[in-house]
Amino acid sequence: MRSLVFALLLVTGIALAKGQWWQHANFYQIYPRSFKDSDGDGVGDLRGVMEKVGYLKHELGIDAIWLSPIFKSPMADFGYDISDFKDIHEEFGTIADLENLAAECRKQNLKLILDFVPNHSSDEHEFFQKSEAKDPEYADYYVWHPGKILPNGTRAPPSNWISVFRGSAWQWSEKRQEYYLHQFVAKQPDLNYRNQKVVDDMKDVLRFWLEKNVDGFRIDALPYLFESLPVNDVYPDEEKSGLTDDPDNPAYLIHNHTTDLDETFDMVYQWRAVLEEFKASHKTDDLVLLTEAYTSLDNIIRIYGSEQKEGSQVPFNFEVLSNTFKESTGEDFYNNIMRFMNALPSNRVANWVLGNHDNKRIASRLGVERADLYNIALNTLPGIAITYYGEELAMEDVYIPWNQTVDPAACNSNPKDFMIYSRDPARTPFHWDDSTSAGFSTSANTWLPVSPNYKTINYKLQQSAPRSHLKIFKSLLRLRKQRTLREGSFDMKLIDENLIVYKRELAEVSTVVVILNFAKTSQTIDLPKVFSGLPLQFEVITSSMQTSYVDGTIVDRNAITLAAEAAIVLEGSAKHD
């Protein structure tokens, strides 16, 4: 196959000329319930995160942490059902704890990103209760409809729309005698963004937390913000997809009336404007928006913004996550990378993500053998890397039986099929050491069970081992701080179905070469046959656990032998042959 060569210039125009902090950052996602418990109640908290700021910034080399929701909540969906957007849930701490964490992060130059959950609130939110009571100020703050009267005289939901968590997206309110829309669980009523008060109030939420010295937000469930308007007071039904015969499964329908409406993109641009206004008035560093949208590649690119308006700096690149599997070949991965790179406008920054709280962990979903390979790729490709907590240790999913399952996505199914939907296995406590509850908590009873393998996979053990997943990760983040990966060109070649080689080069500085072997057998590469003008010698920066290379040693560029499903990172001087 003809290789594609790209010189990716990340410094384009005034907006990118100064190299803002987020352009080359590694963002580390913390699921607060599972990171570190400071008070022994079995639930992680803000003070626990604060205890580990030094680990994150100075040991790992992380640039920014993103906290999954920490706001006041009944916990029907573990924080994504918010009853007060301007308060902290008591299990996590207080607003003072958040302010202290923000101050400590600023002191240590670690950026702090909060989740922003704009699509819905909890049904226990004061505004929903007022809306349900038809308070004139809040009557249409949420999406309400009396429903349809069928020929037999019975009342039915306004449309056939299905919730992400199965079943009808409409819930009947006895109090109001109308249905309300909930695209997630019934305790998460959708806000009505066609009401200007909703728009203004949610912008005020952003400003409230910016005043607490946070550095930006990750926007949750972006595609669901707007729904099609009713025609003659009737909401349009969505067409069947043909993908399943289960009418309660969201895949049963094509969601053209409930996701990715044009107004959604404009709202992102409005939120970015709020951040830019705050930055200008408070003279802060760049404030950043990350966005979650499982949508088409065209829509991901659209979220970045247009020539007229700026959008999210980091629309999560789910193109790679959604199309990479345990049996993916090197050609598959290469195509996933290049499809995104081909679509990326020249004045935008790429981002790479393969794990989060909604997906199985990399080691479980894509294979333990390839855990290092994927961490190497994510951290040496040009642009931004996203790391889910525990991926630096190659943590694996934990089997949670039906009687211990708490994730509503699974609980809404049944004991036979729940594992298809459950996200609990990827949300279990972090493994700090081999003590009680893996050092996550002093309590033996944690909100989700600790993995039974924590005595062999934990931070303390990997920190002291001669070689470990953790040490590979730390080597990668040290390399990311150097100019070659931040400013260098990008030239990627597919050698055969299972072998990828790419070069990051900065004149007068160095050349970095990365080799990814997806084959289940070892392969030998003669680098001068792949790229001309290479340095005469290369130093091993790091390599997958299954290799025998020693970091810091010099290797023969003509015969790099790479073990099955392994990767290696090499660096040479600016002097070429």
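The values are calculated or read from the model by the stated rules, or taken from the named source; none is laboratory data. Keep in mind that what you see is a predicted model, and the values were worked out from it rather than measured. No Cβ is skipped: glycine too gets one built from the backbone with ideal geometry, and neighbour counts run over all protein chains shown. All accessible areas refer to the heavy atoms of the entire protein, side chains included, with ligands and DNA or RNA removed. Shrake-Rupley method; radii C 1.70, N 1.55, O 1.52, S 1.80 Å.
Any residue that is in contact with a Pro (Cβ under 7 Å, 6 or more places away or on another chain) and among the polar types (S, T, N, Q) - is there at least one of those in the stretch 211-223? No: zero hits. Annotation: of all residues in the stretch 401-410 being surrounded by 14 or more Cβ atoms within 10 Å (Cβ to Cβ) and part of a helix (DSSP H, G or I), the one that is farthest from the chain's Cα centre (by Cα) is TRP402.
Here the helices (runs of 4 or more DSSP H) wholly within the stretch 313-400 that include at least 2 residues being over 16 Å from the mean Cα position of the chain (by Cα) and without any contact (Cβ under 8 Å) to a residue 60 or more places away in the chain are 330-343. Among the conditions (1) of a type outside the set (Gly, Ala, Ser); (2) more than 23 Å from PRO408 (Cβ to Cβ); (3) out of contact with any Gly (no Cβ under 6 Å at 6 or more places or on another chain); (4) assigned to a helix (DSSP H, G or I), PRO223 misses just one, which is (2).
Within the stretch 463-483, the only residue that satisfies the criterion of being among the hydroxyl-bearing types (Ser, Thr, Tyr), assigned to a helix (DSSP H, G or I) and in contact (Cβ under 8 Å) with a residue 24 or more places away in the chain is SER475. Figure legend. Inter-residue proximity from the stretch 550-575: first residues touching a residue at least 60 places away in the same chain (Cβ under 8 Å) and under 16 Å from LYS503 (Cβ atoms), second residues open to solvent by 50 Å² or more (accessible area, probe 1.4 Å) and assigned to a strand (DSSP E or B), beta-carbon distance below 6 Å, spacing 6+ or different chains. Indicated pairs: GLU571/GLU539.
When we screen LYS460, LYS455 for residues that are part of a helix (DSSP H, G or I) and without any contact (Cβ under 8 Å) to a residue 60 or more places away in the chain, the only hit is LYS460. Examine the stretch 145-166 for a residue that is surrounded by 16 or more Cβ atoms within 10 Å (Cβ to Cβ), assigned to a strand (DSSP E or B), small (Gly, Ala, Ser) and modelled with pLDDT of 95 or more, and state whether such a residue exists. Checking the stretch 145-166: not a single residue is surrounded by 16 or more Cβ atoms within 10 Å (Cβ to Cβ), assigned to a strand (DSSP E or B), small (Gly, Ala, Ser) and modelled with pLDDT of 95 or more. If you check every pair at least six apart or on different chains, which have Cβ atoms under 6 Å apart with a residue in the stretch 500-528 that is modelled with pLDDT under 95 first and a residue that is open to solvent by 10 Å² or more (accessible area, probe 1.4 Å) second? Qualifying pairs under 6 Å: GLU508/ALA574. Which one is farthest from GLN188 (Cα to Cα) among residues in the stretch 401-418 that are touching a residue at least 24 places away in the same chain (Cβ under 8 Å) and hydrophobic (A, V, I, L, M, F, W, C)? Among those that are touching a residue at least 24 places away in the same chain (Cβ under 8 Å) and hydrophobic (A, V, I, L, M, F, W, C), it is VAL406. Between LEU222, LEU210, the distinction of being out of contact with any strand residue (DSSP E or B) (no Cβ under 7 Å at 6 or more places or on another chain), crowded, with 16+ Cβ neighbours inside 10 Å and in contact (Cβ under 8 Å) with a residue 40 or more places away in the chain belongs to LEU210 only. Here ASN412 passes the criteria (1) farther than 30 Å from VAL514 by Cα; (2) modelled with pLDDT of 95 or more except the one numbered (2). Output yes when any residue across the stretch 432-440 is farther than 21 Å from GLN463 by Cβ, among the acidic types (Asp, Glu) and at pLDDT 95 or above, and no when none is. No, that holds for no residue. Exactly one residue out of LYS86, LYS134 is surrounded by fewer than 16 Cβ atoms within 10 Å (Cβ to Cβ), in a loop (DSSP other than H, G, I, E, B) and in contact (Cβ under 8 Å) with a residue 40 or more places away in the chain, and it is LYS134. Here is the figure for the stretch 470-479: residues that are open to solvent by 40 Å² or more (accessible area, probe 1.4 Å) and closer than 13 Å to MET545 by Cβ total 1.
Of the residues making up the stretch 44-61, those that are in contact (Cβ under 8 Å) with a residue 24 or more places away in the chain and buried (at least 21 other Cβ atoms within 10 Å of the Cβ) number 6. When you go through ALA102, ALA76 one by one, which is the residue that is open to solvent by less than 40 Å² (accessible area, probe 1.4 Å) and part of a helix (DSSP H, G or I)? Criteria check complete, one pass: ALA102.
Among the residues of the stretch 236-278, the one identified as touching a Pro at 6+ places or on another chain (Cβ under 6 Å), closer than 23 Å to ASN359 by Cβ and open to solvent by 30 Å² or more (accessible area, probe 1.4 Å) is ASP260.
Inspection of the stretch 279-293 finds no residue satisfying the criterion of being more than 30 Å from TRP209 (Cα to Cα), surrounded by 14 or more Cβ atoms within 10 Å (Cβ to Cβ) and not acidic (Asp, Glu).
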